[in-house]
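The values are calculated or read from the model by the stated rules, or taken from the named source; none is laboratory data. Quantities reported herein were computed from a predicted structural model and do not represent experimental measurements. FYI the Cβ positions are ideal-geometry reconstructions off the backbone, even for glycines, and counts take in every protein chain you see. These accessible areas exclude ligands, DNA and RNA; they are computed on the full protein's heavy atoms, side chains included. Shrake-Rupley method; radii C 1.70, N 1.55, O 1.52, S 1.80 Å.
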Amino acid sequence: MSMAMERGSDIIRSELTTGLVNLHAVEKQARQLIERQIARVVNYPAVAQRLRQHLDETNRQEERLDKLLAQFDESRSVLKDMAMQMSANMGAIMHAAADDEILKNTFANLAFENFEIASYKSAICMAEAGSFNDVSRVLQQSLHEEEDMAGWISANVDQVTRQYLDLKSQSEKADR
Ligand SMILES: [Fe+2]
C-alpha cells in the first residue's frame with residue numbers, strides 16, 4: 001500500500017469513527033425525545049403505539065452503535081455524548097407548552113428522523129469508501145428503520161391533524 005493510500009484509509013477510518021460517535025449521540029437524543037412524548041401523549045393512541053415501536057428500534061440502534069464503536073474507538077463516545085446532552089430535549093420541552101403540542105412534535109419528529117437518515121447515509125458512504133462492509137450492513141439496518149419511521153410520520157400528518165381538529169371542535173383535550 002502506498003503512503004497516500006495508507007493516509008487515505010486512516011482518514012476514512014477516523015471520519016467513520018467520528019460519524020459513529022455522532023450517531024450514537026443522536027440516537028441517545030432520539031430516545032429521550034421519544035420517551036418524553038410517550039409519557040405525555042393522551043389522546044393519540046396510534047401515535048403512542050408507533051412511538052413505542054420506534055423506542056424499541058432506537059434502543060437496538062444504540063446497541064448496534066455501541067458494538068461498532070467498541071471495534072473502533074469506544075473511549076471517544078462518552079465525552080461527546082455529555083456535550084450533546086446539554087442541548088437534548090429542548091424541542092420537546094418547548095413544545096410541551098404549546099396548545100398544538102401533538103402537531104409541533106409531529107413536525108419535529110419528521111425533521112429529526114430525516115436528520116438521522118442523512119447521518120446514516122453519510123456514515124454508510126464512509127464505511128463503503130473504507131471497505132468496512134460489515135459496518136455498512138449494520139448501519140443499513142438502522143437506516144431502513146429510520147426511513148420506515150419517517151414514512152409513517154409523513155403519512156400520518158393528515159390523520160393526526162384531522163384528529164386534532166375533531167378533538168378541538170368537541171372541546172376535548174387536543175394538545176397531546
Ligand atoms: Fe434512530
Of all the residues that make up the range 5-37, how many are polar (S, T, N, Q), closer than 14 Å to Leu68 by Cα and open to solvent by less than 30 Å² (accessible area, probe 1.4 Å)?
1
Asp99 is checked against (1) assigned to a helix (DSSP H, G or I); (2) touching a residue at least 24 places away in the same chain (Cβ under 8 Å) and fails just one. What number does that condition carry?
(1)
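Has the range 53-72 got at least one residue that is more than 21 Å from Gln140 (Cα to Cα) and either crowded, with 16+ Cβ neighbours inside 10 Å or modelled with pLDDT under 90 (or both)?
no
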What pairs can you find where one residue is in the range 48-61 and β-branched (Val, Ile, Thr), the other is assigned to a helix (DSSP H, G or I) and crowded, with 20+ Cβ neighbours inside 10 Å, and their Cβ atoms are less than 7 Å apart, with a gap of 6+ or different chains?
Thr58/Glu27; Thr58/Ala30; Thr58/Ile34
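Is at least one residue of the range 89-103 surrounded by fewer than 17 Cβ atoms within 10 Å (Cβ to Cβ), over 30 Å from Asp175 (Cα atoms) and at pLDDT below 95?
No: zero hits.
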Out of everything in the range 111-160 that is open to solvent by less than 70 Å² (accessible area, probe 1.4 Å) and without any contact (Cβ under 8 Å) to a residue 12 or more places away in the chain, what residue ends up being farthest from Leu23 (Cα to Cα)?
Gly151
Residue list for the range 39-62, restricted to those being in a helix (DSSP H, G or I) and more than 15 Å from the ligand (Cβ to nearest atom)
Ala39, Arg40, Pro45, Ala46, Val47, Ala48, Gln49
Exactly one of (1) away from the ligand (no atom under 16 Å from the Cβ); (2) open to solvent by 70 Å² or more (accessible area, probe 1.4 Å) is unmet by Gln163. Its number?
(2)
Is at least one residue of the range 105-124 at pLDDT 95 or above, within 13 Å of the ligand (Cβ to nearest atom), out of contact with any Leu (no Cβ under 8 Å at 6 or more places or on another chain) and over 21 Å from Val160 (Cβ atoms)?
yes
